[in-house]
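A short worksheet on the structure shown next.
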Amino acid sequence: MGRLSPLLTTLLLLPVLAGADELRPSGNTVDSVTVYLDRAEVTRQIAVTLPAGAHTVLVPGLPAQLFEASLRASGKGPAGLTIATVETRREFGEKAAGEEERRLREQLQALNDEKDLLLGQRQALDTRAKFIEQLATPPGEQDENANRSFSPEKWATAWEAIGKGMEETNLARITLQQQQRDLDEKIRKVEQELRQIQTGRRDTLTAAIQVEAKQPGKATFELSYQLGNASWSPVYDAALDTEKGEIQLTQAAYIRQSSGEAWDKARLTVSTARPSAGAAMPELHPWWIDFQQPPQPLARESRAKSLQADEMLAGVATPQAAPAEVSEAQAISSDFTVRYAIPGRVTVPADNSKHRFVLKTQRLKAELQARSAPRLDRRAFLYAELDYQGEAPLLPGPWQLQRDGTFVGSRHNDALRPGETIALAFGADDAIAIDYQPLKDERGQQGLISREQTVQRNYRISVTSHHTRQLPVSIFDQLPVSRDESIKVSLARGS
(Lines give C-alpha, C1' and ligand atoms only; values in the text may rest on other atoms or scores of the structure.)
Protein backbone atom coordinates (compact mmCIF):
# COMPACT_ATOMS: atom_id res chain seq x y z
CA MET A 1 0.00 0.00 0.00
CA GLY A 2 1.34 3.43 -0.93
CA ARG A 3 1.29 6.56 1.18
CA LEU A 4 -1.97 8.42 1.79
CA SER A 5 -2.56 11.54 -0.27
CA PRO A 6 -5.23 14.18 0.37
CA LEU A 7 -7.99 14.82 -2.18
CA LEU A 8 -9.66 18.14 -2.81
CA THR A 9 -13.38 18.67 -3.17
CA THR A 10 -14.45 18.02 -6.74
CA LEU A 11 -17.08 19.40 -9.07
CA LEU A 12 -20.48 17.82 -9.52
CA LEU A 13 -22.07 16.02 -12.45
CA LEU A 14 -18.95 15.07 -14.38
CA PRO A 15 -19.12 12.05 -16.69
CA VAL A 16 -19.35 8.74 -14.80
CA LEU A 17 -16.35 6.46 -15.07
CA ALA A 18 -17.05 3.59 -17.41
CA GLY A 19 -17.11 0.11 -15.97
CA ALA A 20 -17.05 1.31 -12.34
CA ASP A 21 -17.86 -1.23 -9.61
CA GLU A 22 -20.31 -0.17 -6.89
CA LEU A 23 -18.99 -0.28 -3.33
CA ARG A 24 -20.74 0.41 -0.06
CA PRO A 25 -18.70 1.98 2.74
CA SER A 26 -17.88 0.11 5.92
CA GLY A 27 -18.34 3.34 7.89
CA ASN A 28 -20.87 6.11 7.26
CA THR A 29 -21.54 8.47 10.17
CA VAL A 30 -22.39 12.13 10.69
CA ASP A 31 -19.11 13.53 12.00
CA SER A 32 -19.73 17.28 12.28
CA VAL A 33 -22.57 19.76 11.80
CA THR A 34 -22.50 23.53 11.43
CA VAL A 35 -25.90 25.04 12.22
CA TYR A 36 -26.68 28.42 10.67
CA LEU A 37 -29.57 30.71 11.46
CA ASP A 38 -31.59 29.22 8.61
CA ARG A 39 -30.03 25.88 7.65
CA ALA A 40 -27.25 23.42 8.51
CA GLU A 41 -24.19 21.96 6.85
CA VAL A 42 -23.53 18.28 7.57
CA THR A 43 -20.22 16.48 7.08
CA ARG A 44 -20.17 12.68 6.97
CA GLN A 45 -17.12 10.46 7.41
CA ILE A 46 -17.01 7.64 4.86
CA ALA A 47 -14.60 4.72 5.21
CA VAL A 48 -14.12 2.17 2.43
CA THR A 49 -11.55 -0.36 1.21
CA LEU A 50 -10.82 0.21 -2.48
CA PRO A 51 -9.49 -2.37 -4.93
CA ALA A 52 -7.45 -1.00 -7.79
CA GLY A 53 -9.50 0.42 -10.63
CA ALA A 54 -12.59 2.56 -11.12
CA HIS A 55 -15.32 2.36 -8.49
CA THR A 56 -18.54 4.03 -7.38
CA VAL A 57 -18.80 4.53 -3.61
CA LEU A 58 -22.49 4.60 -2.66
CA VAL A 59 -23.61 6.57 0.41
CA PRO A 60 -27.33 5.78 0.97
CA GLY A 61 -29.91 7.25 3.31
CA LEU A 62 -29.26 10.96 2.79
CA PRO A 63 -32.19 13.35 3.42
CA ALA A 64 -34.25 13.95 0.31
CA GLN A 65 -34.47 17.71 0.96
CA LEU A 66 -30.74 18.43 0.98
CA PHE A 67 -29.53 21.10 -1.44
CA GLU A 68 -27.93 19.01 -4.16
CA ALA A 69 -25.87 21.93 -5.44
CA SER A 70 -24.06 22.03 -2.07
CA LEU A 71 -22.91 18.38 -2.22
CA ARG A 72 -19.11 18.11 -2.02
CA ALA A 73 -16.64 15.27 -1.49
CA SER A 74 -13.02 15.24 -0.37
CA GLY A 75 -10.77 12.69 1.26
CA LYS A 76 -7.50 10.79 1.30
CA GLY A 77 -6.33 7.34 0.31
CA PRO A 78 -3.60 5.45 -1.54
CA ALA A 79 -1.30 7.51 -3.73
CA GLY A 80 -2.85 8.24 -7.11
CA LEU A 81 -6.44 8.09 -5.86
CA THR A 82 -8.70 10.59 -7.67
CA ILE A 83 -12.32 11.67 -7.33
CA ALA A 84 -14.02 12.14 -10.67
CA THR A 85 -17.50 13.31 -9.68
CA VAL A 86 -20.21 13.28 -7.02
CA GLU A 87 -23.80 12.78 -8.09
CA THR A 88 -27.08 11.80 -6.46
CA ARG A 89 -29.64 9.10 -7.05
CA ARG A 90 -33.17 9.37 -5.69
CA GLU A 91 -34.67 6.31 -4.03
CA PHE A 92 -38.46 5.97 -3.87
CA GLY A 93 -41.05 3.93 -1.97
CA GLU A 94 -40.25 1.13 0.42
CA LYS A 95 -36.69 0.97 -0.81
CA ALA A 96 -36.07 4.37 0.71
CA ALA A 97 -37.21 3.37 4.22
CA GLY A 98 -34.09 2.98 6.31
CA GLU A 99 -33.34 -0.21 8.19
CA GLU A 100 -33.74 1.59 11.51
CA GLU A 101 -37.18 2.91 10.57
CA ARG A 102 -38.33 -0.53 9.42
CA ARG A 103 -37.01 -2.11 12.61
CA LEU A 104 -38.85 0.42 14.77
CA ARG A 105 -42.09 -0.03 12.85
CA GLU A 106 -41.88 -3.81 13.31
CA GLN A 107 -41.15 -3.39 17.01
CA LEU A 108 -44.07 -0.99 17.39
CA GLN A 109 -46.42 -3.45 15.66
CA ALA A 110 -45.31 -6.26 17.98
CA LEU A 111 -45.88 -4.08 21.04
CA ASN A 112 -49.36 -3.10 19.84
CA ASP A 113 -50.20 -6.78 19.29
CA GLU A 114 -49.05 -7.53 22.84
CA LYS A 115 -51.23 -4.66 24.07
CA ASP A 116 -54.26 -6.19 22.31
CA LEU A 117 -53.57 -9.50 24.09
CA LEU A 118 -53.51 -7.74 27.46
CA LEU A 119 -56.78 -6.01 26.58
CA GLY A 120 -58.36 -9.41 25.86
CA GLN A 121 -57.12 -10.79 29.19
CA ARG A 122 -58.55 -7.75 30.99
CA GLN A 123 -61.94 -8.30 29.37
CA ALA A 124 -61.85 -11.95 30.48
CA LEU A 125 -61.09 -10.90 34.06
CA ASP A 126 -63.93 -8.37 34.01
CA THR A 127 -66.32 -11.10 32.84
CA ARG A 128 -65.11 -13.41 35.61
CA ALA A 129 -65.57 -10.66 38.23
CA LYS A 130 -69.13 -10.02 37.04
CA PHE A 131 -69.92 -13.72 37.26
CA ILE A 132 -68.54 -13.93 40.82
CA GLU A 133 -70.67 -10.93 41.80
CA GLN A 134 -73.71 -12.75 40.49
CA LEU A 135 -72.76 -15.80 42.55
CA ALA A 136 -72.96 -13.63 45.66
CA THR A 137 -76.77 -13.77 45.29
CA PRO A 138 -77.38 -17.24 43.84
CA PRO A 139 -80.75 -19.01 43.90
CA GLY A 140 -81.32 -20.77 47.20
CA GLU A 141 -84.40 -21.80 49.10
CA GLN A 142 -87.52 -19.87 48.17
CA ASP A 143 -89.26 -17.90 50.94
CA GLU A 144 -92.91 -16.91 51.17
CA ASN A 145 -92.30 -13.83 49.00
CA ALA A 146 -90.74 -15.95 46.21
CA ASN A 147 -87.25 -14.66 47.08
CA ARG A 148 -84.38 -17.12 47.07
CA SER A 149 -81.46 -16.98 49.52
CA PHE A 150 -78.77 -19.14 51.10
CA SER A 151 -79.63 -21.02 54.18
CA PRO A 152 -77.43 -19.85 57.14
CA GLU A 153 -75.49 -23.11 57.30
CA LYS A 154 -74.21 -22.47 53.72
CA TRP A 155 -73.04 -18.87 54.26
CA ALA A 156 -69.49 -19.68 55.41
CA THR A 157 -68.77 -21.93 52.43
CA ALA A 158 -70.17 -19.34 50.00
CA TRP A 159 -68.23 -16.48 51.56
CA GLU A 160 -64.98 -18.41 51.36
CA ALA A 161 -65.45 -19.45 47.73
CA ILE A 162 -66.63 -16.02 46.50
CA GLY A 163 -63.97 -14.14 48.49
CA LYS A 164 -61.16 -16.35 47.18
CA GLY A 165 -62.39 -15.94 43.62
CA MET A 166 -62.59 -12.13 43.85
CA GLU A 167 -59.15 -11.98 45.47
CA GLU A 168 -57.54 -13.98 42.69
CA THR A 169 -59.36 -11.91 40.07
CA ASN A 170 -58.29 -8.57 41.58
CA LEU A 171 -54.66 -9.71 41.88
CA ALA A 172 -54.74 -10.69 38.21
CA ARG A 173 -56.22 -7.27 37.36
CA ILE A 174 -53.42 -5.46 39.22
CA THR A 175 -50.78 -7.56 37.47
CA LEU A 176 -52.33 -6.72 34.11
CA GLN A 177 -52.37 -3.01 34.95
CA GLN A 178 -48.66 -3.07 35.77
CA GLN A 179 -47.90 -4.94 32.54
CA GLN A 180 -50.00 -2.45 30.56
CA ARG A 181 -48.19 0.56 32.11
CA ASP A 182 -44.81 -0.95 31.23
CA LEU A 183 -46.05 -1.72 27.74
CA ASP A 184 -47.42 1.81 27.23
CA GLU A 185 -44.04 3.26 28.23
CA LYS A 186 -42.25 1.00 25.73
CA ILE A 187 -44.70 2.04 23.00
CA ARG A 188 -44.19 5.73 23.84
CA LYS A 189 -40.40 5.40 23.57
CA VAL A 190 -40.56 3.55 20.25
CA GLU A 191 -43.00 6.12 18.84
CA GLN A 192 -40.67 8.91 19.96
CA GLU A 193 -37.67 7.26 18.29
CA LEU A 194 -39.74 6.74 15.15
CA ARG A 195 -40.77 10.41 15.06
CA GLN A 196 -37.12 11.38 15.32
CA ILE A 197 -36.08 9.57 12.16
CA GLN A 198 -39.14 9.61 9.94
CA THR A 199 -39.44 12.54 7.52
CA GLY A 200 -42.99 12.19 6.31
CA ARG A 201 -41.57 11.30 2.87
CA ARG A 202 -40.60 7.87 1.66
CA ASP A 203 -37.84 8.98 -0.72
CA THR A 204 -34.18 9.53 0.13
CA LEU A 205 -30.99 10.30 -1.75
CA THR A 206 -27.96 8.14 -2.37
CA ALA A 207 -24.69 9.91 -3.09
CA ALA A 208 -22.50 8.23 -5.70
CA ILE A 209 -18.80 9.16 -5.45
CA GLN A 210 -16.96 8.17 -8.62
CA VAL A 211 -13.32 7.36 -7.81
CA GLU A 212 -10.34 5.68 -9.45
CA ALA A 213 -7.60 3.98 -7.43
CA LYS A 214 -4.26 3.19 -9.05
CA GLN A 215 -3.51 0.76 -6.23
CA PRO A 216 -5.69 -0.94 -3.58
CA GLY A 217 -5.97 0.39 -0.05
CA LYS A 218 -8.16 1.97 2.58
CA ALA A 219 -9.63 5.41 1.88
CA THR A 220 -11.63 7.90 3.90
CA PHE A 221 -13.93 10.51 2.39
CA GLU A 222 -15.72 13.53 3.75
CA LEU A 223 -19.13 14.12 2.21
CA SER A 224 -20.66 17.51 3.03
CA TYR A 225 -24.00 19.05 2.11
CA GLN A 226 -26.43 21.71 3.26
CA LEU A 227 -30.05 21.11 4.15
CA GLY A 228 -33.06 23.03 5.42
CA ASN A 229 -35.40 22.38 8.35
CA ALA A 230 -32.57 23.18 10.75
CA SER A 231 -31.78 26.39 12.62
CA TRP A 232 -30.64 27.90 15.89
CA SER A 233 -31.75 30.92 17.87
CA PRO A 234 -29.89 32.78 20.62
CA VAL A 235 -31.09 33.02 24.22
CA TYR A 236 -29.41 34.86 27.08
CA ASP A 237 -29.48 34.39 30.86
CA ALA A 238 -28.59 37.53 32.85
CA ALA A 239 -28.10 36.76 36.56
CA LEU A 240 -27.63 39.87 38.72
CA ASP A 241 -25.64 39.73 41.97
CA THR A 242 -26.75 42.86 43.83
CA GLU A 243 -24.01 42.58 46.47
CA LYS A 244 -21.17 42.46 43.95
CA GLY A 245 -22.84 44.66 41.36
CA GLU A 246 -22.14 42.06 38.67
CA ILE A 247 -24.14 40.34 35.98
CA GLN A 248 -23.26 36.84 34.89
CA LEU A 249 -24.25 36.72 31.24
CA THR A 250 -24.69 33.27 29.73
CA GLN A 251 -25.08 32.98 25.98
CA ALA A 252 -26.90 29.86 24.86
CA ALA A 253 -28.34 28.46 21.65
CA TYR A 254 -31.63 26.68 21.03
CA ILE A 255 -31.04 24.21 18.20
CA ARG A 256 -33.87 22.41 16.46
CA GLN A 257 -33.98 20.32 13.32
CA SER A 258 -36.35 18.06 11.41
CA SER A 259 -34.07 17.30 8.49
CA GLY A 260 -34.84 13.58 8.44
CA GLU A 261 -31.50 12.43 9.87
CA ALA A 262 -30.39 12.31 13.50
CA TRP A 263 -27.08 13.91 14.42
CA ASP A 264 -25.71 11.28 16.78
CA LYS A 265 -22.53 12.10 18.73
CA ALA A 266 -21.44 14.74 16.25
CA ARG A 267 -19.16 17.74 16.63
CA LEU A 268 -21.54 20.70 16.65
CA THR A 269 -20.87 24.31 15.68
CA VAL A 270 -23.30 27.22 15.50
CA SER A 271 -22.65 30.16 13.22
CA THR A 272 -24.25 33.58 12.91
CA ALA A 273 -23.90 33.43 9.13
CA ARG A 274 -27.00 33.27 6.96
CA PRO A 275 -26.12 31.45 3.70
CA SER A 276 -29.55 32.10 2.17
CA ALA A 277 -28.96 35.87 2.34
CA GLY A 278 -26.90 35.65 -0.84
CA ALA A 279 -23.29 36.51 -1.61
CA ALA A 280 -23.65 39.81 -3.51
CA MET A 281 -25.49 43.06 -3.10
CA PRO A 282 -28.61 43.66 -5.23
CA GLU A 283 -28.05 45.03 -8.69
CA LEU A 284 -29.14 48.61 -9.37
CA HIS A 285 -31.09 49.12 -12.56
CA PRO A 286 -31.56 52.40 -14.46
CA TRP A 287 -33.97 54.79 -12.75
CA TRP A 288 -35.87 56.36 -15.63
CA ILE A 289 -37.72 59.64 -15.25
CA ASP A 290 -40.08 60.62 -18.04
CA PHE A 291 -43.20 62.65 -18.71
CA GLN A 292 -46.62 61.09 -18.64
CA GLN A 293 -48.26 61.04 -22.04
CA PRO A 294 -51.96 61.84 -21.56
CA PRO A 295 -53.75 63.21 -24.61
CA GLN A 296 -53.53 67.01 -24.34
CA PRO A 297 -54.12 69.93 -26.68
CA LEU A 298 -50.94 70.97 -28.49
CA ALA A 299 -51.12 74.49 -27.09
CA ARG A 300 -50.94 73.24 -23.47
CA GLU A 301 -48.48 70.35 -23.92
CA SER A 302 -45.33 72.43 -23.63
CA ARG A 303 -46.48 74.16 -20.41
CA ALA A 304 -47.63 70.82 -18.83
CA LYS A 305 -44.28 69.17 -19.49
CA SER A 306 -42.48 72.13 -17.94
CA LEU A 307 -44.57 71.87 -14.73
CA GLN A 308 -44.02 68.11 -14.48
CA ALA A 309 -40.28 68.52 -14.91
CA ASP A 310 -40.18 71.12 -12.12
CA GLU A 311 -42.08 68.79 -9.78
CA MET A 312 -39.75 65.86 -10.50
CA LEU A 313 -36.66 67.94 -9.88
CA ALA A 314 -38.18 69.07 -6.57
CA GLY A 315 -38.77 65.43 -5.53
CA VAL A 316 -42.56 65.57 -5.75
CA ALA A 317 -43.18 62.93 -8.40
CA THR A 318 -42.76 59.26 -7.48
CA PRO A 319 -40.48 57.17 -9.74
CA GLN A 320 -42.11 54.24 -11.46
CA ALA A 321 -39.38 51.79 -10.33
CA ALA A 322 -37.37 51.81 -7.09
CA PRO A 323 -34.23 49.80 -6.29
CA ALA A 324 -34.60 46.73 -4.07
CA GLU A 325 -33.70 47.19 -0.41
CA VAL A 326 -31.81 44.84 1.89
CA SER A 327 -33.29 44.47 5.36
CA GLU A 328 -31.23 45.53 8.35
CA ALA A 329 -31.19 42.04 9.85
CA GLN A 330 -29.49 40.59 6.79
CA ALA A 331 -26.94 43.39 6.77
CA ILE A 332 -26.04 42.74 10.40
CA SER A 333 -25.69 39.01 9.90
CA SER A 334 -23.44 39.51 6.89
CA ASP A 335 -21.29 42.11 8.66
CA PHE A 336 -20.77 40.04 11.84
CA THR A 337 -20.18 36.31 11.60
CA VAL A 338 -19.24 34.34 14.71
CA ARG A 339 -18.84 30.61 15.11
CA TYR A 340 -19.23 28.75 18.42
CA ALA A 341 -17.95 25.20 18.71
CA ILE A 342 -19.90 23.12 21.24
CA PRO A 343 -17.48 21.13 23.45
CA GLY A 344 -17.36 17.38 22.95
CA ARG A 345 -19.78 15.43 20.81
CA VAL A 346 -23.52 15.86 21.17
CA THR A 347 -26.73 14.32 19.84
CA VAL A 348 -29.56 16.28 18.22
CA PRO A 349 -32.49 14.08 17.09
CA ALA A 350 -34.65 15.07 14.13
CA ASP A 351 -37.77 15.66 16.24
CA ASN A 352 -37.93 19.47 15.80
CA SER A 353 -37.73 19.96 19.58
CA LYS A 354 -35.51 22.59 21.18
CA HIS A 355 -32.12 21.54 22.49
CA ARG A 356 -30.18 24.06 24.59
CA PHE A 357 -26.40 24.42 24.47
CA VAL A 358 -24.32 26.96 26.38
CA LEU A 359 -22.02 29.00 24.14
CA LYS A 360 -20.25 31.39 26.50
CA THR A 361 -20.40 32.75 30.04
CA GLN A 362 -18.93 36.08 31.15
CA ARG A 363 -19.15 38.44 34.14
CA LEU A 364 -19.89 42.12 33.55
CA LYS A 365 -19.81 45.05 35.98
CA ALA A 366 -23.15 46.80 36.35
CA GLU A 367 -24.26 50.14 37.79
CA LEU A 368 -27.36 49.71 39.94
CA GLN A 369 -30.09 52.32 40.08
CA ALA A 370 -33.79 52.57 40.82
CA ARG A 371 -36.34 53.97 38.41
CA SER A 372 -39.99 54.81 38.84
CA ALA A 373 -42.89 56.38 36.96
CA PRO A 374 -45.17 57.07 39.99
CA ARG A 375 -47.97 58.59 37.92
CA LEU A 376 -48.60 55.06 36.61
CA ASP A 377 -47.02 52.82 39.27
CA ARG A 378 -45.75 53.97 42.66
CA ARG A 379 -43.25 51.15 42.95
CA ALA A 380 -39.56 51.59 42.26
CA PHE A 381 -37.83 49.10 39.95
CA LEU A 382 -34.21 48.02 40.11
CA TYR A 383 -32.19 48.54 36.94
CA ALA A 384 -28.67 47.40 36.12
CA GLU A 385 -26.86 49.39 33.45
CA LEU A 386 -23.81 47.85 31.82
CA ASP A 387 -21.39 48.65 29.03
CA TYR A 388 -21.03 45.60 26.84
CA GLN A 389 -17.37 45.04 25.92
CA GLY A 390 -17.55 41.57 24.42
CA GLU A 391 -15.52 40.47 21.44
CA ALA A 392 -18.53 39.82 19.21
CA PRO A 393 -22.00 41.35 18.92
CA LEU A 394 -24.97 39.66 20.54
CA LEU A 395 -27.77 38.80 18.15
CA PRO A 396 -31.38 39.78 18.88
CA GLY A 397 -33.14 37.37 21.17
CA PRO A 398 -34.89 36.77 24.51
CA TRP A 399 -33.13 37.57 27.79
CA GLN A 400 -34.07 35.65 30.95
CA LEU A 401 -33.48 37.84 34.02
CA GLN A 402 -32.60 36.67 37.54
CA ARG A 403 -31.92 38.75 40.65
CA ASP A 404 -29.96 37.05 43.42
CA GLY A 405 -31.04 33.62 42.20
CA THR A 406 -34.72 34.46 41.67
CA PHE A 407 -36.30 34.62 38.22
CA VAL A 408 -37.94 38.04 37.79
CA GLY A 409 -38.95 38.13 34.12
CA SER A 410 -37.83 38.14 30.53
CA ARG A 411 -37.55 40.60 27.69
CA HIS A 412 -36.55 40.68 24.04
CA ASN A 413 -33.50 42.78 23.18
CA ASP A 414 -32.24 43.99 19.85
CA ALA A 415 -28.68 43.32 18.71
CA LEU A 416 -26.06 44.50 21.21
CA ARG A 417 -22.66 45.48 19.79
CA PRO A 418 -19.38 45.94 21.65
CA GLY A 419 -19.22 49.39 23.25
CA GLU A 420 -22.99 49.83 23.51
CA THR A 421 -24.86 50.36 26.79
CA ILE A 422 -27.93 48.47 27.90
CA ALA A 423 -30.17 48.85 30.98
CA LEU A 424 -31.90 45.71 32.26
CA ALA A 425 -34.83 45.76 34.68
CA PHE A 426 -34.74 43.29 37.59
CA GLY A 427 -38.10 43.74 39.26
CA ALA A 428 -39.58 45.89 41.99
CA ASP A 429 -37.36 47.38 44.72
CA ASP A 430 -39.40 47.11 47.92
CA ALA A 431 -36.81 49.03 49.94
CA ILE A 432 -37.82 52.28 48.23
CA ALA A 433 -41.15 53.93 49.04
CA ILE A 434 -42.63 56.51 46.67
CA ASP A 435 -45.63 58.74 47.30
CA TYR A 436 -47.34 60.67 44.50
CA GLN A 437 -49.96 63.19 45.68
CA PRO A 438 -51.88 65.91 43.79
CA LEU A 439 -51.70 69.21 45.76
CA LYS A 440 -53.58 71.72 43.64
CA ASP A 441 -56.04 71.63 40.77
CA GLU A 442 -57.23 75.19 40.07
CA ARG A 443 -58.95 76.84 37.12
CA GLY A 444 -59.08 80.57 36.55
CA GLN A 445 -58.64 83.52 34.22
CA GLN A 446 -55.90 86.06 33.73
CA GLY A 447 -55.30 89.09 31.58
CA LEU A 448 -57.12 92.45 31.45
CA ILE A 449 -57.78 92.89 27.75
CA SER A 450 -57.58 89.35 26.46
CA ARG A 451 -58.97 86.98 29.02
CA GLU A 452 -57.20 83.60 29.12
CA GLN A 453 -58.42 80.45 30.78
CA THR A 454 -55.80 78.85 33.07
CA VAL A 455 -55.48 75.44 34.65
CA GLN A 456 -52.82 74.89 37.32
CA ARG A 457 -52.05 71.48 38.77
CA ASN A 458 -49.38 70.73 41.34
CA TYR A 459 -48.09 67.32 42.42
CA ARG A 460 -45.67 66.23 45.09
CA ILE A 461 -43.44 63.17 44.68
CA SER A 462 -41.81 61.88 47.86
CA VAL A 463 -39.07 59.26 47.75
CA THR A 464 -37.82 57.35 50.80
CA SER A 465 -34.99 54.83 50.54
CA HIS A 466 -34.53 52.18 53.21
CA HIS A 467 -31.34 50.79 51.65
CA THR A 468 -28.20 50.66 53.79
CA ARG A 469 -26.17 52.02 50.87
CA GLN A 470 -26.58 54.87 48.45
CA LEU A 471 -28.56 54.04 45.36
CA PRO A 472 -29.40 56.52 42.58
CA VAL A 473 -33.13 56.96 42.01
CA SER A 474 -34.56 58.34 38.76
CA ILE A 475 -38.16 59.59 38.69
CA PHE A 476 -39.94 59.73 35.37
CA ASP A 477 -43.02 61.91 34.89
CA GLN A 478 -44.79 63.52 31.98
CA LEU A 479 -45.92 66.96 30.91
CA PRO A 480 -48.92 67.57 28.68
CA VAL A 481 -48.11 68.48 25.09
CA SER A 482 -50.21 71.02 23.22
CA ARG A 483 -51.59 70.25 19.79
CA ASP A 484 -52.90 73.81 19.35
CA GLU A 485 -50.65 76.87 19.24
CA SER A 486 -53.13 78.80 21.36
CA ILE A 487 -52.60 76.40 24.28
CA LYS A 488 -49.41 77.08 26.25
CA VAL A 489 -47.84 74.60 28.70
CA SER A 490 -45.17 75.59 31.25
CA LEU A 491 -43.76 74.37 34.53
CA ALA A 492 -45.10 76.06 37.66
CA ARG A 493 -42.76 78.08 39.83
CA GLY A 494 -40.89 76.07 42.40
CA SER A 495 -40.98 72.86 40.36
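A few remarks follow.
- Once the Cα-Cα distance is subtracted from the 0.36 nm per residue extended length, the residue 229 to residue 82 segment shows a gain of 49.6 nm.
- Convex hull per residue volume in Å³, alpha carbons only, for region 239-282: 182 Å³
- Inverse mean reciprocal Cα-Cα distance (Kirkwood Rh) of region 365-495, Å: 18.4 Å
- Peptides 280-290, 372-382, 467-477 ordered by average Cβ neighbours within 10 Å, highest first: 372-382, 467-477, 280-290
- Each Lys and Arg contributes +1 and each Asp and Glu -1, all at the Cβ; summed about the Cα centre of region 329-458, the dipole is approximately 260 debye.
- Evaluating 6.51 cos²θ - 1.76 cosθ + 1.60 at θ = phi - 60° for every residue in region 46-52, the Karplus couplings come out as 10, 10, 7, 9, 9, x, 5 Hz, glycine and proline recorded as x.
- The protection proxy used here, the mean number of other Cβ atoms lying within 10 Å of each residue, ranks peptides 180-187, 481-488 as follows, highest first: 180-187, 481-488.
- Environment charge of residue 176, counting only residues whose C-beta is closer than 14 Å and scoring Lys/Arg +1, Asp/Glu -1: -1
- Subtracting the Cα-Cα distance of residue 70 and residue 185 from 0.36 nm times their residue separation leaves 37.3 nm of extension gain.
- Annotation for region 397-421 versus region 433-495: alpha-carbon center distance of 34 Å.
- Under 15 Å, Cβ to Cβ, from residue 54 - net charge with Lys/Arg +1 and Asp/Glu -1: -3
- Accessible-area value, residue 193, 1.4 Å probe, nucleic acids and ligands omitted, Å²: 80 Å²
- Remark: accessible surface ordering of 406, 454, 169 (largest first) is 406, 454, 169, probe radius 1.4 Å.
- In region 422-495, the portion of solvent-accessible area held by carbon and sulfur atoms comes to 47 percent [1.4 Å probe, whole percent, DNA, RNA and ligands not counted].
- Theoretical FRET efficiency, 1/(1+(r/R0)^6), r = Cβ-Cβ of residue 460 and residue 489, R0 22 Å, to 0.05: 0.65
The values are calculated or read from the model by the stated rules, or taken from the named source; none is laboratory data. Please read these numbers as outputs of a predicted model, since none were measured by experiment. Reconstructed Cβ throughout: ideal geometry from the backbone, glycine too, with neighbour counts over all protein chains shown. Areas reflect the complete protein model, heavy atoms only, side chains present, ligands, DNA and RNA absent. Shrake-Rupley method; radii C 1.70, N 1.55, O 1.52, S 1.80 Å.
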